[in-house]
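Asker: Supplied in structure tokens, the structure appears directly below.
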Amino acid sequence: MKYTVSFEEIVWFDSSCQNDREMASYTQGCLILVGILVTLSLPYSHAFWGNENKIQTAVFLSPKFVLGPGSVENRFYYNVNFPKGHIAVRSFDAEVIDEAGNPIPLHETYLHHWVVVRYYVRKGVEISEFDDPRKFNESDYISGRNSGICQNLGQFFGLGSETRKTSTHVPNPYGIEVGNPTEIPSGFEEQWMLNVHAIDTRGAEDKLGCTECRCDLYNITVDEYGRPLRPDYRGGLLCCYDHTQCKVKHGFEAVRRTLYLRYTVKWVDMDRSVLPVKIYIFDITDGWKRSRCSTGIIAEHECKVEYDIESCDATGIGNDGCIDTRRISLDMPFGGYLIYGVAHQHSGGTGSALYREDGQLMCSSLPTYGEGEEPGNEAGYIVGMTTCYPKPGTVEISKGETLILESNYSRIRHHTGVMGLFYILVADELPKSMHALHTVVQTQDSIMVVTTLWAAVALIGVVAVIVVAAHYRLKREGEDGYEAIGM
């Protein structure tokens with residue numbers, strides 16, 4: 001009598017022999033156990049969630065804007081294109097292109113920033129792409145801002161010169177939830193606003209000065225509403241508003257050209273398998289304070305968004321270790337698990353980080369400077385910021401906890417209008433299987449140790465099954481003269 005050998009089961013079958021059936025049952029049981037052990041030995045991202053909703057992608061263009069040498073575009077476009085429905089956004093990327101779709105380098109058109117903001121508008125009310133929100137009837141317009149903490153930084157998405165090489169990916173099974181019908185006020189619809197701030201530096205006398213919005217280069221003494229600037233205000237957003245002009249070299253000429261912000265959105269349909277994350281933005285200039293109200297003590301945040309960096313020469317300090325370091329303490333009005341983090345800095349930035357009060361690093365973000373001329377690698381410009389993706393469950397923020405935000409800049413030269421923002425995504429909960437593991441294994445190191453042990457046990461189990469099966473087969477062949485068929 002011959003036996004059929006199957007690699008998946010490693011079972012030698014003989015219906016006339018009770019011992020064979022017992023051996024098959026024993027072997028199958030071992031293999032089930034080994035399968036479980038192998039599953040436990042997989043990395044958490046495979047062991048706990050393997051099925052992902054189909055990712056959808058759409059590419060959109062902003063309304064066109066036209067720039068000539070030294071000119072500035074800083075407009076707010078309402079009701080821009082955005083994916084419809086109840087979805088979870090997985091990434092949002094953007095870059096400036098010309099009419100032919102060619103990427104424009106930063107040394108020609110500097111992308112100071114772009115931001116995307118959600119709002120709700122009453123159905124039937126038409127909002128132009130270029131409407132001024134100050135003219136909106138308050139009863140027709142409701143902000144759909146992020147979760148905090150700066151009241152004047154309500155965007156869902158946004159970056160600056162670093163946009164081409166900064167990851168915005170939200171890892172599975174998380175997503176930025178939008179279009180939830182239960183959150184849209186009755187009688188309203190969800191829409192999106194895009195703000196693009198771009199500066200044409202072709203032929204500029206001082207390219208860096210133009211990108212840092214130095215008031216003397218723009219010949220500006222009042223803001224866009226005609227209000228006089230502070231005497232000590234030397235540069236920043238108040239000096240490079242829409243249609244201002246930075247100084248260019250005498251006699252320089254170049255054509256005005258039509259440009260667009262091309263943005264790519266990736267998303268999945270929202271369902272129970274997707275865990276929503278909340279968006280929080282911290283600002284190193286936040287002059288927040290605690291205030292007492294009828295419900296208790298609350299935090300009032302005053303985020304100035306930008307600040308200046310004095311040069312080492314101005315302070316009498318040499319170039320060695322010439323770094324401006326700013327740190328602020330922030331009380332967290334929320335709790336949850338840190339999923340993603342990234343900083344936003346301008347030229348001269350050397351990195352930013354988020355710490356616990358005891359000094360433990362939670363997340364850091366460092367700039368990448370370009371070294372060439374091609375788009376995405378422009379020398380002297382920040383072309384990317386590193387991001388942090390903590391392993392799920394390893395970085396938990398407790399409500400009321402005090403965190404430390406740090407922002408660092410080089411002080412080799414004077415800088416105006418720099419920023420020190422930090423953008424994080426926080427989940428209220430972990431995937432159920434991951435949460436169960438987290439209650440047993442609390443640290444990343446422990447997870448690695450346990451995973452390694454399970455892998456070793458699984459390997460031992462596989463070897464044991466093969467040895468037992470081989471021994472049993474040899475024994476049966478010796479006793480009954482059965483012939484084994486190999487694969």
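Asker: For segment 57-433, what number results from the quotient of the Cα radius of gyration and 2.2 N^0.38 Å?
Answerer: Cα-based Rg divided by the globular estimate yields 0.99.
Asker: Exceeding 26 Å between C-alpha atoms, which entries from my cross-link table qualify? They are K207/K304; K165/K391; K64/K266.
Answerer: Too far apart for the 26 Å limit: no listed pair.
Asker: Tell me the carbon and sulfur percent of the accessible area for segment 57-433, rounded to whole percent, probe radius 1.4 Å.
Answerer: That fraction is 48 percent.
Asker: I need the per residue convex hull volume for segment 210-256, using only the alpha carbons, in cubic angstrom as a whole number.
Answerer: 82 Å³
Asker: Which one of P69, P105, F136 has its Cα pushed farthest toward the positive end of the charge dipole of segment 57-433, where Lys and Arg give +1 and Asp and Glu give -1 at the Cβ?
Answerer: So the residue furthest toward the plus end is F136.
Asker: Divide, for segment 271-422, the radius of gyration over alpha carbons by 2.2 N^0.38 Å, where N is the residue count.
Answerer: Compared with the compact-globule rule of thumb, segment 271-422 sits at 1.19.
Asker: Apply 1/(1 + (r/R0)^6) to the Cβ-Cβ distance of D271 and L366, taking R0 = 30 Å, and write down the FRET efficiency to the nearest 0.05.
Answerer: 0.25
Asker: With every protein chain in place, what's the accessible area of M270 (1.4 Å probe, Å², nearest 10)?
Answerer: Here the accessible area works out near 40 Å².
Asker: Let me ask something else about it. Given a 1.4 Å probe and heavy atoms of the protein chains only, how would you sort W267, W114, W288, largest accessible area at the top?
Answerer: Most to least solvent-accessible, the answer reads W288, W267, W114.
Asker: With each pseudo-label sitting 7 Å past Cα toward Cβ, what's the K64-E310 distance in nm, one decimal?
Answerer: 4.8 nm
Asker: Another question, if that's okay. If you rank S186, S410, S352 by how much accessible surface each has, with a 1.4 Å probe, what is the order from largest down?
Answerer: S186, S410, S352
Asker: Which values, in whole Å and largest first, are the semi-axes of the equivalent ellipsoid of segment 176-265 obtained as the square root of 5 times each eigenvalue of the Cα gyration tensor?
Answerer: For segment 176-265, the semi-axes come out at 35, 20, 11 Å.
Asker: A follow-up question, please. Find the centroid of the Cα atoms in segment 344-399 and in segment 80-155, then give the distance between the two in whole Å.
Answerer: 24 Å
Asker: Another one. Under a straight-distance cross-link criterion of Cα-Cα below 18 Å, which lysines are reachable from K399, leaving out those fewer than 8 residues away in the same chain?
Answerer: K278, K289
Asker: Let me know the shape class of segment 187-343, please: from the alpha-carbon gyration tensor, a ≥ b ≥ c as square roots of the eigenvalues, rounded when a/c is under 1.5, otherwise prolate if a/b is greater than b/c, or oblate.
Answerer: Taking the square roots of the gyration eigenvalues as a ≥ b ≥ c, segment 187-343 is oblate.
Asker: Could you sort F76, F136 by accessible area so the largest value comes first, with the probe set to 1.4 Å?
Answerer: Descending accessible area places them as F76, F136.
Asker: Here's another thing I want to ask about it. Could you grab the relative contact order for segment 57-433? Cα pairs under 8 Å, six or more apart, rounded to a whole percent.
Answerer: 24 percent
Asker: I would also like to ask the following. Search the structure for amide H atoms under 5 Å from the amide H of F157, placed 1.01 Å from N in the peptide plane, and list their residues when 5 or more places away or on another chain.
Answerer: Those qualifying (amide H under 5 Å, at least 5 residues apart or on another chain) are V116.
Asker: While we're looking at this one, here's another question. Let's test the formula: R0 of 41 Å, r as the Cβ-Cβ distance of L229 and K54. What FRET efficiency results, to the nearest 0.05?
Answerer: Approximately 0.20, to the nearest 0.05.
Asker: Separate question: Between D140 and E396, what's the calculated FRET efficiency when r is the beta-carbon distance and R0 is 41 Å? Round to 0.05.
Answerer: The calculated FRET efficiency here is 0.50.
The values are calculated or read from the model by the stated rules, or taken from the named source; none is laboratory data. Here the structure is a predicted model, which means the values were calculated and not measured. Counting neighbours? That spans all protein chains shown, and the Cβs are built from the backbone with ideal geometry, glycine included. The area values use the complete protein model at the heavy-atom level, side chains included, leaving out ligands, DNA and RNA. Shrake-Rupley method; radii C 1.70, N 1.55, O 1.52, S 1.80 Å.
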